[in-house]
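*Asks:* The structure's right below; bear with me while I get my questions together.
The values are calculated or read from the model by the stated rules, or taken from the named source; none is laboratory data. Every value quoted in this text rests on a predicted model; they were computed, and no experiment measured them. Heads up, the Cβs are rebuilt from the backbone with ideal geometry, glycines too, and the neighbour counts pull from every protein chain shown. Surface accessibility is based on the protein's heavy atoms, side chains included, excluding ligands, DNA and RNA. Shrake-Rupley method; radii C 1.70, N 1.55, O 1.52, S 1.80 Å.
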Amino acid sequence: MADAFPAFTPVTLLTGFLGSGKTTLLRRLLTDPALSNAAVLINEFGEAGLDHHLLERIDENMVLLQSGCLCCTVRGELADAIRDLHSKRERGIVPPFDRIVIESTGLADPFPVLSTLKADPVLRHHFRSSGVIATVDTVNAGRQLAAYREPMRQVAVADLLVLTKADIAEAGQVARVTAMIRQINPDAPIVLGSDDVVSLMEDMTTGRAEAMQSPGGFYCDDPGPVLASEHSGGIRSFVLVSEGTVDWTAFGIWLTMLLNRHGDRILRVKGILNIEGEDFPVAIHGVQHLVHTPVHMQSWPGGDRCSRIVFIVDGIAPEVIKRSFDAFNGLGVAKVAPKRVEELQP
């Protein structure tokens, strides 16, 4: 049994605001043979609308689906639910699933789910995050992003954005919503709900970073028009650019201290660094207090070798981050790209 599942089981978070089509997307994903060995964690079976797929009930919280997937409800702490799944897999009580998909509630902040995998001493030795998928309601995105902070935070931390209900949206609405969410998340791939989402999940799981990059690499060349929102004025996307090399030790200390103090308000940080002594860039990626393992890239995505770090922040001025970076890097050459500093405000 031990050879039937990976040493580190990938965990994908499916998030999105109320009514944005998470469950509809999940139902379609579960029909794909690539997910036949997946375990799915949802809040309640009834909410997920999966009853017609049920095949066998294992216990009061677990059922097998016709697709082969294992489906569980989360009625307590998420860590408890995942540990229970892991224990039953080890003992052969449930099928040897090779990934977990978590469907969060529409009002959930993605960060607590991601932090669970890092903070729990058992889970961090057996599971790893393989990305966040966020659904965006094409019909209602404008109103929701203007009125609520939750969908903005969900969009900000997403590694893949899925536009739902595009088939019933007005002409031009997909383009308008795409421009809108590009202001919040400059470089996550944006696809339609009818596209091959499973293949993109595979790209995130196997770490094929080049398949998930934006055309500009790890940064956005043009963030597009400014959003109009009464409640979202503190959320900004901007790019920090440094023309010199970066000392890796100093950068690591700076980023650790920055996230330790402001992690709740730094929704996402992602970029490429020209590290002193390295021929090719190093890619970094963090969500709030969490920082993923750096990736050594095989080539430079653009014509120059500037370090570029994209920040998505909530209530922090770009110049504050720039000054602290300059102080730690010791060169004073970092600059905030002027065309990429846009506050999301009416």
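*Asks:* Whole number please: convex hull volume per residue, Cα atoms of the stretch 74-181, in Å³.
*Replies:* So the per-residue Cα hull volume is 123 Å³.
*Asks:* Sticking with the crude label model, points 7 Å out along Cα→Cβ, report the distance from GLU319 to ARG143 in nm, one decimal please.
*Replies:* Reported label-point gap for GLU319 and ARG143 is 3.9 nm.
*Asks:* Still on this model: How do ASP203, ASP279, ASP304, ASP167 stack up against each other in accessible area, from largest to smallest, with a 1.4 angstrom probe?
*Replies:* ASP167, ASP279, ASP304, ASP203
*Asks:* Expressed in nm to one decimal, what extension gain is obtained for the pair ASP32 and ALA7 from 0.36 nm per residue of sequence separation less their Cα-Cα distance?
*Replies:* Going from the current span to full extension adds 6.7 nm.
*Asks:* Full extension from THR178 to THR256: what is 0.36 nm times the residue separation minus their Cα-Cα distance, to one decimal in nm?
*Replies:* Separation in residues times 0.36 nm, less the Cα-Cα distance, equals 24.9 nm.
*Asks:* Now for a separate question. Provide the convex hull volume over Cα atoms per residue for the stretch 235-344, in Å³.
*Replies:* Per-residue hull volume (Cα only) is 93 Å³.
*Asks:* Largest first, how would GLU276, GLU90, GLU103 line up by accessible area (1.4 Å probe)?
*Replies:* GLU276, GLU90, GLU103
*Asks:* Further question: Per-residue HN-Hα couplings for the stretch 157-162, Karplus 6.51 cos²θ - 1.76 cosθ + 1.60 at θ = phi - 60°, whole Hz, x for Gly and Pro?
*Replies:* 8, 5, 9, 8, 10, 10
*Asks:* Order CYS69, CYS306 by their accessible area, 1.4 angstrom probe, all chains in place, largest first.
*Replies:* Largest to smallest exposure gives the sequence CYS306, CYS69.
*Asks:* With a sphere of radius 11 Å drawn around the Cβ of VAL174, what net charge do the other residues whose Cβ falls strictly inside it have (Lys, Arg +1; Asp, Glu -1)?
*Replies:* Residues close to VAL174 contribute a combined charge of 0.
*Asks:* Report the extension gain between VAL295 and ARG124 in nm, rounded to one decimal, defined as 0.36 nm multiplied by the number of residues separating them, less their alpha carbon distance.
*Replies:* 59.6 nm
*Asks:* Could you list which residues have their amide H under 5 Å from that of SER194, counting only those 5 or more apart in sequence or on another chain, with H placed in the peptide plane?
*Replies:* none
*Asks:* Find the centroid of the Cα atoms in the stretch 261-302 and in the stretch 162-196, then give the distance between the two in whole Å.
*Replies:* 26
*Asks:* Could you pull out the pairs from LYS118/LYS270; LYS88/LYS270; LYS88/LYS165; LYS22/LYS322; LYS118/LYS165 whose alpha carbons sit more than 29 Å apart here?
*Replies:* LYS88/LYS270; LYS88/LYS165; LYS22/LYS322; LYS118/LYS165, as the Cα separations exceed 29 Å there.
*Asks:* Quick one: which residues, 5 or more positions from GLY131 or on another chain, have an amide H under 5 Å from its amide H? H modelled 1.01 Å from N in the peptide plane, none for Pro or chain starts.
*Replies:* Distant-sequence amide H within range of GLY131: LEU13.
*Asks:* What list of ³J(HN,Hα) values in whole Hz, one per residue of the stretch 15-20 in order, does the Karplus curve 6.51 cos²θ - 1.76 cosθ + 1.60 (θ = phi - 60°) give from phi, with Gly and Pro shown as x?
*Replies:* Once rounded to whole Hz, the list reads 10, x, 6, 3, x, 7.
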